[in-house]
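I have placed the structure first, in the form of structure tokens, so that the comments after it can refer back to it.
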Protein chains: 2
Amino acid sequence: MTDTVHDLIIIGAGPAGLTAAIYAARYRLNTLVIGPDIGGTVTSAHLIENWPGHKATGMEIMDTFVQHVKDFNVPILTDDVKKIEKQDDLFIVHTGKDIVKGHTVILTMGTKRRKLDIPGEDKFSGKGVSHCATCDAMFFKDKDVAVVGGSDASAMAAQVLSQHAKSIKIIYRKAALRAEPARVKEIDDNPKIECIFNSNVKEIHGDKTLTGVKLDTGQELDIQGLFIEIGGTPITAMAKELGIELSDTNRIKVNADMSTNVEGVFAAGDITTGSNEFNQIVTAASEGAIAALSAFNLTRKKK
Amino acid sequence: MTDTVHDLIIIGAGPAGLTAAIYAARYRLNTLVIGPDIGGTVTSAHLIENWPGHKATGMEIMDTFVQHVKDFNVPILTDDVKKIEKQDDLFIVHTGKDIVKGHTVILTMGTKRRKLDIPGEDKFSGKGVSHCATCDAMFFKDKDVAVVGGSDASAMAAQVLSQHAKSIKIIYRKAALRAEPARVKEIDDNPKIECIFNSNVKEIHGDKTLTGVKLDTGQELDIQGLFIEIGGTPITAMAKELGIELSDTNRIKVNADMSTNVEGVFAAGDITTGSNEFNQIVTAASEGAIAALSAFNLTRKKK
């Protein structure tokens, strides 16, 4: 452990964390970014068409963010954070390799996607298997696709897909959708969408790309796209330990300035209740910018 | 007037409106964008260093947004909107040239900057005169600069500048800052910042770039940068006419999903109370994305 006390430690290096770093650099905060994988989960996206002005792979877009942070000489430490403690006015952050101290912290650890844990899921990820209808629906024009899940988000994914695809099956393990009633009616009325209840996807198969799935009922579906909409788990265990309030959906409750209930701790990106819980690169980046300004304002007060 | 009813009419073509258009296109909403100047006020910025991943002029960055919208074949009409009426479930939008109809509307008209209306203000805009300390402070490393205005935003601009500049004068027409008390104390304690009260800037002069200003007290200041932080006026007259609730600061009050109190009307960008009222390209773009999703959800219900 060194004696350096950073103005700001950003935990997580996805769109929220990197944008917070860009803004913090411009406020000349002594900032450190720590994340297990630089760029975050976005880097696995094969093509992103809704980051304004730059259509590219997730990796390419995040590379531009990382370069931007590096141009401002903000250090990025590739490491896991194990624990965050508050000691008086300081935050002590334990990583696998080091212990660092900061006046303020921005938490941007994002969410861990829930998986089906079935054969073919990883193999066809980005090759027919997707986790974001808003992002990828356009690639399935006139194709047959399926959505896994029965939540409101799943039903909405089916609706987004019905703007592009030829047919959409919703595969759900229970007997009825748990989406909001108005949306269930819209789904019922949509001739392109059909629900297959009491069923689970057992296997995903294909060649170079996905060609079909097998259900646990024995039913086989010939489809070119499978949208897995079974939610994700915000990575909030450390936040909880620090005494930070979480929502029913296990996200960090944030105020308009991205502050949390613990003074000095801010949060941004998919991990928060912000942006109407619409998880996109642009919403995460925006929250990161707002959090950095708030951290700047607080560090001014602390000094 | 044609019989076409658009799913969505976006009024304003800055970062918020163009991002809303990108998202709306991906939801396959029949969308029309109407704005008096494509790209919005951002296009006047000489260098933008905080749009993640792409450092360029305002014009260059907004060109990438416009191209993105055009790639999705969303029409952009360069025109002023004169009036918006609600007739039953439809919105009738009167432009200078046409009358168009929509099921939903997103308002992204932004703000009109307040001006000092003094000689040199326009001439040195982007050549020493700036309206965004967060954006431009870095260009004034070790320089002498001044901030005009006594609000909390003005004081914060001075603090941001003190991270870079050699000296900062706050020029304010009244006898004391009206920033929040804690910030006033920080300003008092900051050796780089000095307040000049009961004074107005009367004239801005320079050569190729700004070299100084003259105050109405006769005082002359040799400075290289002048940050005009006297606020802006949200362009909300039409919104008010439509019955939309405004905040004390004359911004459109928005909910988390960017909806307003009038069903079918959403808002995004500098014109709203969203994003903690931090006006940046990235926050405006984020609000545009959220508003487009909300408009999509509502049009599904209306059909």
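Each value in this text was obtained by applying a stated rule to the coordinates, not by laboratory testing. Keep in mind that this is a model prediction, so the values were computed, not measured. Virtual Cβ from ideal backbone geometry, glycine too; neighbours counted across all protein chains shown.
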(request) Consider only pairs whose beta carbons are under 7 Å apart and that are at least six residues apart or on different chains; among these, list those whose first residue lies in the range A:246-260 and is of a type in the set (G, A, S) and whose second residue is surrounded by 14 or more Cβ atoms within 10 Å (Cβ to Cβ). (result) A:S247/A:K253; A:S247/A:T273; A:A256/B:N276; A:S259/A:F266; A:S259/A:S294
(message) Within the range B:271-292, take every residue that is surrounded by 24 or more Cβ atoms within 10 Å (Cβ to Cβ) and within 7 Å of chain A (Cβ to nearest Cβ) and give me the one that is farthest from B:I252 (Cα to Cα).
(response) B:V282
(message) Here is a check on your reading of the model: is A:V160 in a loop (DSSP other than H, G, I, E, B), within 27 Å of the chain's Cα centre (by Cα) and surrounded by 22 or more Cβ atoms within 10 Å (Cβ to Cβ)?
(response) no
(message) Consider the range A:177-225. How many of its residues are within 14 Å of chain B (Cβ to nearest Cβ), among the aliphatic types (A, V, I, L, M) and under 20 Å from A:F139 (Cα atoms)?
(response) 1
(message) Every residue in the range B:40-71 that is within 11 Å of chain A (Cβ to nearest Cβ) and of a type in the set (S, T, Y), please.
(response) B:T64
(request) Kindly list the number of the only condition in (1) touching an Asp or Glu at 6+ places or on another chain (Cβ under 6 Å); (2) part of a loop (DSSP other than H, G, I, E, B); (3) under 23 Å from B:S294 (Cα atoms); (4) in contact (Cβ under 8 Å) with a residue 60 or more places away in the chain that fails for A:S154. (result) (2)
(message) Against the condition at negative phi, assigned to a loop (DSSP other than H, G, I, E, B) and β-branched (V, I, T), how does A:I118 come out, does it pass?
(response) yes
(request) Could you figure out which of (1) of a type in the set (A, V, I, L, M); (2) surrounded by fewer than 17 Cβ atoms within 10 Å (Cβ to Cβ); (3) within 14 Å of chain A (Cβ to nearest Cβ) isn't true of B:V5? (result) (3)
(request) For the range B:19-39, state whether one or more residues are surrounded by fewer than 24 Cβ atoms within 10 Å (Cβ to Cβ), under 21 Å from the mean Cα position of the chain (by Cα) and within 13 Å of chain A (Cβ to nearest Cβ). (result) yes
(message) With the requirement that a residue be more than 10 Å from chain B (Cβ to nearest Cβ) and not hydroxyl-bearing (S, T, Y), what does the range A:156-172 give you?
(response) A:A157, A:A158, A:L161, A:A165, A:K166, A:I168, A:K169, A:I170, A:I171
(message) Within the range A:1-104, considering only strands (runs of 3 or more DSSP E) that don't extend past its boundaries, which have at least 3 residues that are touching a residue at least 12 places away in the same chain (Cβ under 8 Å) and either under 19 Å from A:D270 (Cα atoms) or in contact with a helix residue (DSSP H, G or I) (Cβ under 7 Å, 6 or more places away or on another chain) (or both)?
(response) A:5-11, A:31-35, A:81-87
(request) Please enumerate the residues belonging to the range A:76-125 that are over 22 Å from the mean Cα position of the chain (by Cα) and hydrophobic (A, V, I, L, M, F, W, C). (result) A:L90, A:F91, A:I92, A:V93, A:I99, A:V100
(message) If a residue must be in a loop (DSSP other than H, G, I, E, B), surrounded by 13 or more Cβ atoms within 10 Å (Cβ to Cβ) and in contact (Cβ under 8 Å) with a residue 40 or more places away in the chain, how many such residues does the range A:205-243 contain?
(response) 8
(message) Given the options B:Q163, B:Q224, name the one that is among the polar types (S, T, N, Q), touching a Gly at 6+ places or on another chain (Cβ under 8 Å) and within 19 Å of B:H131 (Cβ to Cβ).
(response) B:Q224
